[in-house]
Amino acid sequence: QVQLVESGGGSVQAGDSLRLSCAPSGRTFSSAVMGWFRQAPGKEREFVSLITWSGGATVYADSVKGRFTISRDSAQNTVYLQMNSLKPEDTAVYYCAAQSNRGTWYYWGQGTQVTVSS
């Protein structure tokens with residue numbers, strides 16, 4: 001019943017921007033840490049970014065630093081990933097995730113496709 005739902009993916013040109021959103025669907029849900037991962041065709045899942053719910057501390061993969069920004073809206077219980085200056089290598093399925101109270105990435109969304117063409 002409780003599930004993470006991503007939205008905002010699409011097909012864009014290199015240099016364009018997209019904003020991904022992630023929110024629980026159904027039963028109310030909370031997690032201390034939420035984040036984004038991505039998986040390109042034929043590649044392993046890759047960490048992109050995370051944010052702590054309480055203080056808003058953020059972590060970014062080196063590949064997206066300076067281009068992507070993660071944020072959260074406590075009132076709407078929503079996490080965002082603002083992606084600027086997109087590159088073809090950003091093409092992937094992007095997954096929202098949330099940690100359990102044990103610190104494992106336990107809850108996942110179904111993913112949203114981001115395609116960046118040159």
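Cβ-Cβ contacts under 8 Å between residues 6 or more apart (or on different chains), taken from a first residue in region 8-21 that is within 16 Å of Tyr95 (Cβ to Cβ) and at pLDDT 95 or above to a second residue that is surrounded by 14 or more Cβ atoms within 10 Å (Cβ to Cβ) and of a type in the set (Asp, Glu), are listed as Leu20/Glu6; Ser21/Glu6. Residues in region 75-90 that are in a loop (DSSP other than H, G, I, E, B) and not small (Gly, Ala, Ser) were compared, and the one that is least open to solvent (accessible area, probe 1.4 Å) is Leu86. Would you confirm whether any residue within region 57-71 is on the phi < 0 side of the Ramachandran plot and touching a residue at least 40 places away in the same chain (Cβ under 8 Å)? There is no residue in region 57-71 that is on the phi < 0 side of the Ramachandran plot and touching a residue at least 40 places away in the same chain (Cβ under 8 Å). Of the residues making up region 27-62, those that are touching a Ser or Thr at 6+ places or on another chain (Cβ under 9 Å), over 17 Å from Tyr106 (Cβ atoms) and polar (S, T, N, Q) are Ser49, Thr58.
Would you mind telling me which numbered condition in (1) at pLDDT below 95; (2) assigned to a strand (DSSP E or B); (3) in contact with a Gly (Cβ under 8 Å, 6 or more places away or on another chain); (4) open to solvent by 30 Å² or more (accessible area, probe 1.4 Å) Gln1 fails? So Gln1 meets the others, but not (2).
Does Val48 qualify as being among the β-branched types (Val, Ile, Thr) and either outside any strand (DSSP E or B) or under 19 Å from Val114 (Cβ atoms) (or both)?
Here the answer is yes, as Val48 does meet what is asked.
Here the condition is being outside any loop (DSSP other than H, G, I, E, B), small (Gly, Ala, Ser), closer than 19 Å to Thr115 by Cβ and open to solvent by 40 Å² or more (accessible area, probe 1.4 Å); of Ser21, Ser11, it holds for Ser11 alone.
Just to be sure, is Tyr106 touching a strand residue (DSSP E or B) at 6+ places or on another chain (Cβ under 6 Å) and hydroxyl-bearing (Ser, Thr, Tyr)? No; evaluated as a whole, the condition is false for this residue. For residues that are in a loop (DSSP other than H, G, I, E, B), hydrophobic (A, V, I, L, M, F, W, C) and surrounded by 11 or more Cβ atoms within 10 Å (Cβ to Cβ), tally how many sit in region 51-70. Qualifying residue count, region 51-70: 3. For region 91-110, the tally of residues that are open to solvent by less than 60 Å² (accessible area, probe 1.4 Å) and outside any loop (DSSP other than H, G, I, E, B) stands at 9.
Could you check, for region 38-45, whether at least one of its residues is buried (at least 17 other Cβ atoms within 10 Å of the Cβ), under 17 Å from Val5 (Cβ atoms) and within 10 Å of the chain's Cα centre (by Cα)?
Taking every residue of region 38-45 in turn, at least one turns out to be buried (at least 17 other Cβ atoms within 10 Å of the Cβ), under 17 Å from Val5 (Cβ atoms) and within 10 Å of the chain's Cα centre (by Cα).
Of all residues in region 60-90, those that are modelled with pLDDT of 95 or more, hydroxyl-bearing (Ser, Thr, Tyr) and more than 13 Å from Val48 (Cβ to Cβ) total 2.
The values are calculated or read from the model by the stated rules, or taken from the named source; none is laboratory data. All of these numbers come straight from a predicted model, not from anything done at the bench. Cβ coordinates were reconstructed from backbone atoms using ideal geometry, including for glycine residues, and neighbour counts include every protein chain displayed. To get the accessible areas, we keep the full protein, side chains included, count just its heavy atoms, and leave off ligands, DNA and RNA. Shrake-Rupley method; radii C 1.70, N 1.55, O 1.52, S 1.80 Å.
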